[in-house]
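The values are calculated or read from the model by the stated rules, or taken from the named source; none is laboratory data. Quantities reported herein were computed from a predicted structural model and do not represent experimental measurements. Quick reminder, even Gly has a Cβ in these numbers, built from the backbone with ideal geometry, and neighbours come from all protein chains shown. Areas reflect the complete protein model, heavy atoms only, side chains present, ligands, DNA and RNA absent. Shrake-Rupley method; radii C 1.70, N 1.55, O 1.52, S 1.80 Å.
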Amino acid sequence: MSKETNSENSTRYQQRSKRKKTNLILNGLIIAVILLIGFVSYSIFHTNDENNADKKQDSNTNIGQEATDDETVNPTNESDETTTEEEDAAVEEEEESENGEIVTEGGSDSNVVKTIENPSWEPIGTTQTGEHAASYSDDSVDWNEQIKALSYATGLDSSNMTVQFLGNNNNDPQKSIGTVSSKDKSEIYRVYIEWVDGSGWKPTKVEELKELIIR
C-alpha cells in the first residue's frame with residue numbers, strides 16, 4: 001500500500017508540473033500576441049500620422065505656391081491693363097488730332113459735360129453785304145445763316161435740330177450764343193459763333209450739355 005501511494009503521489013506531481021509548464025507557455029504566447037498586436041497597431045497609427053503630416057505639408061506648399069503664382073500674375077495683369085489704357089489714350093489722341101478737335105472735360109458751368117474746339121472750323125459763308133449787325137428775327141437772312149452755323153458746329157441736321165435759344169453774346173453785335181438739341185433731346189449743345197466779315201458766321205466753341213437749361 002505504501003508503494004502504490006507513493007506512485008500516485010509522484011504521478012500527480014508530474015501532472016501538476018506539466019500543467020504549470022503548459023500554463024507558462026500559454027501565458028507567454030498570450031503576452032507575445034498582445035505585444036505583437038500593440039506593435040502592429042502602433043505601426044499603423046504612426047504611418048497614418050506621417051501620411052497626414054505629409055499631406056498637410058503638401059497642401060500648405062500648394063497654397064503657398066498658388067499665392068506666389070497669384071502675386072506674379074496680378075502685377076502682370078496690372079501692367080497689361082496699364083498698357084491697354086495707354087494704347088487707348090494714344091488712339092483717342094490720334095483721332096482727335098485727325099479731326100482737329102480739342103476736347104476737354106467740363107466747361108463754363110456744372111451743366112457742361114465737355115467742351116469742343118476745332119481750329120479747322122470755317123465760316124459757313126454769307127449772302128449778306130455791307131455793314132453787318134446780328135439779327136435775332138427768325139425770318140431774317142442773318143438768323144438763318146446763324147442756324148446753319150449751329151448745325152455745322154454740332155453735326156445735327158437742320159431737320160433734326162430744335163433751336164432752344166439764340167441770342168447775343170457779351171453785348172458784342174458780332175458774336176452770338178445758341179442752345180440747340182436733337183428732336184428727341186438726346187443731344188444738347190451750347191454753341192458759340194462769331195461773325196467774319198465777308199465770310200459769314202463761324203463756330204468757335206461747342207459745349208455738350210447734361211440737360212436742357214435755357215438761359
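Results for (1) under 22 Å from Ile102 (Cα atoms); (2) open to solvent by less than 40 Å² (accessible area, probe 1.4 Å); (3) modelled with pLDDT under 95; (4) among the acidic types (Asp, Glu), shown as yes or no for each residue.
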position: Ser140; (1), (2), (3), (4): no, yes, no, no
position: Tyr152; (1), (2), (3), (4): yes, no, no, no
position: Asn171; (1), (2), (3), (4): no, no, yes, no
position: Val191; (1), (2), (3), (4): yes, yes, no, no
position: Lys202; (1), (2), (3), (4): yes, no, no, no
position: Arg215; (1), (2), (3), (4): no, no, yes, no
All positions within the stretch 117-150 that are charged (D, E, K, R) and closer than 22 Å to Asn171 by Cβ: Glu131, Asp138, Asp142, Glu145
Restricting to the stretch 105-131, name every residue that is modelled with pLDDT under 95 and surrounded by 10 or more Cβ atoms within 10 Å (Cβ to Cβ). Gly106, Gly107, Ser108, Asp109
